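A short worksheet on the structure shown next.
The values are calculated or read from the model by the stated rules, or taken from the named source; none is laboratory data. Just so you know, these numbers come straight off a predicted model, no measurement behind them. Note: ideal-geometry Cβ built from the backbone for every residue, glycine included; neighbour counts use all protein chains shown.
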Amino acid sequence: MTYPNIIKAEFLSRTNRFIAEVNVDGNQETVHVKNTGRCKELLIPGCEVWLTEPGTPNRKTRYDLVAVKKSTGVLFNIDSQAPNKVMGEWLASQNFDKVIPEFTYGDSRIDFYMERGSEKFLLEIKGCTLEFDGIGYFPDAPTERGVKHIRELIKAKAAGFNAAIGFVIQMDGIKEVRPNTATHPEFATAIEEAKTAGVKILFFPTHTEPDTLHIIEMLEG
């Protein structure tokens, strides 16, 4: 996945979940943050960030904030749309007979439905942008929607689907994602129930650059 244009900026402050102030070549600019999570350990005043300019007519903001360098020096892609985009590209290379994004199953929209021969697959994707001491964690804010999707995958597994939850790790060097129990205990419980039911937990480490993100391997948890 590649961004068509990217520029470097200095992060100043975050007004709300959607908006931040940055310094672009000495000028203060209001930008859209493409991640509604907290990202408190990443978006620290003075840190380096990277922006894209979509060029969409009638936008309130000129730029989208998509990447940030943590105080440790590690670059994070924080674009919440990136995991599904990069996963779509990866699935296209995995010899499935059919790949359908945004597939309605039960009362939920699951990110991907795939077919290979007579096998049917459902895959829900979560982007991981939270890291401590070399381990990824999810979520960084409570996600009732995430719990709902896990429950739906448990039902799908019982109905004969190959069901999986995949964590796209949006930074280099991390190969494992654990439930962030302190932030959302119910999510952690749902993950354990999914494992017991036979739902696969998959990790997708990536290589991250300011203007690119690509999956380098798939690991099973």
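Quick notes on this structure:
- Those strands (runs of 3 or more DSSP E) of the stretch 110-192 in which 3 or more residues are over 21 Å from Arg38 (Cβ atoms), in contact (Cβ under 8 Å) with a residue 40 or more places away in the chain and charged (D, E, K, R) occupy 119-128.
- Residue match in the stretch 114-122 (condition: under 20 Å from Met171 (Cβ atoms) and modelled with pLDDT of 95 or more): no
- Count of residues meeting criterion [more than 19 Å from Ala141 (Cβ to Cβ) and either touching a Pro at 6+ places or on another chain (Cβ under 9 Å) or without any contact (Cβ under 8 Å) to a residue 24 or more places away in the chain (or both)] in the stretch 63-82: 7
- When we screen Thr52, Thr72 for residues that are among the β-branched types (Val, Ile, Thr), within 24 Å of Ile125 (Cα to Cα), more than 14 Å from the chain's Cα centre (by Cα) and outside the structural domain of Thr143 (by TED's automatic domain parsing), the only hit is Thr52.
- Condition broken by Ile150, with the remaining ones in (1) surrounded by fewer than 19 Cβ atoms within 10 Å (Cβ to Cβ); (2) under 17 Å from Gly221 (Cβ atoms); (3) in contact with a helix residue (DSSP H, G or I) (Cβ under 6 Å, 6 or more places away or on another chain) satisfied: (1)
- Qualifying position, being in the same structural domain as Ile165 (by TED's automatic domain parsing), farther than 30 Å from Ala158 by Cα and either exposed (fewer than 13 other Cβ atoms within 10 Å of the Cβ) or among the polar types (S, T, N, Q) (or both), among Thr36, Thr129: Thr129
- Count of the stretch 11-39 residues which are touching a residue at least 60 places away in the same chain (Cβ under 8 Å) and charged (D, E, K, R): 1
- Test: residue in the stretch 81-96 that is in contact with a His (Cβ under 7 Å, 6 or more places away or on another chain) and either buried (at least 17 other Cβ atoms within 10 Å of the Cβ) or of a type outside the set (Lys, Arg) (or both): yes
- Strands (runs of 3 or more DSSP E) fully within the stretch 1-82 that include at least 2 residues being of a type in the set (Val, Ile, Thr): 19-24, 27-33, 48-52, 64-69.
- Test: residue in the stretch 181-191 that is out of contact with any Leu (no Cβ under 7 Å at 6 or more places or on another chain), surrounded by fewer than 21 Cβ atoms within 10 Å (Cβ to Cβ) and among the small types (Gly, Ala, Ser): yes
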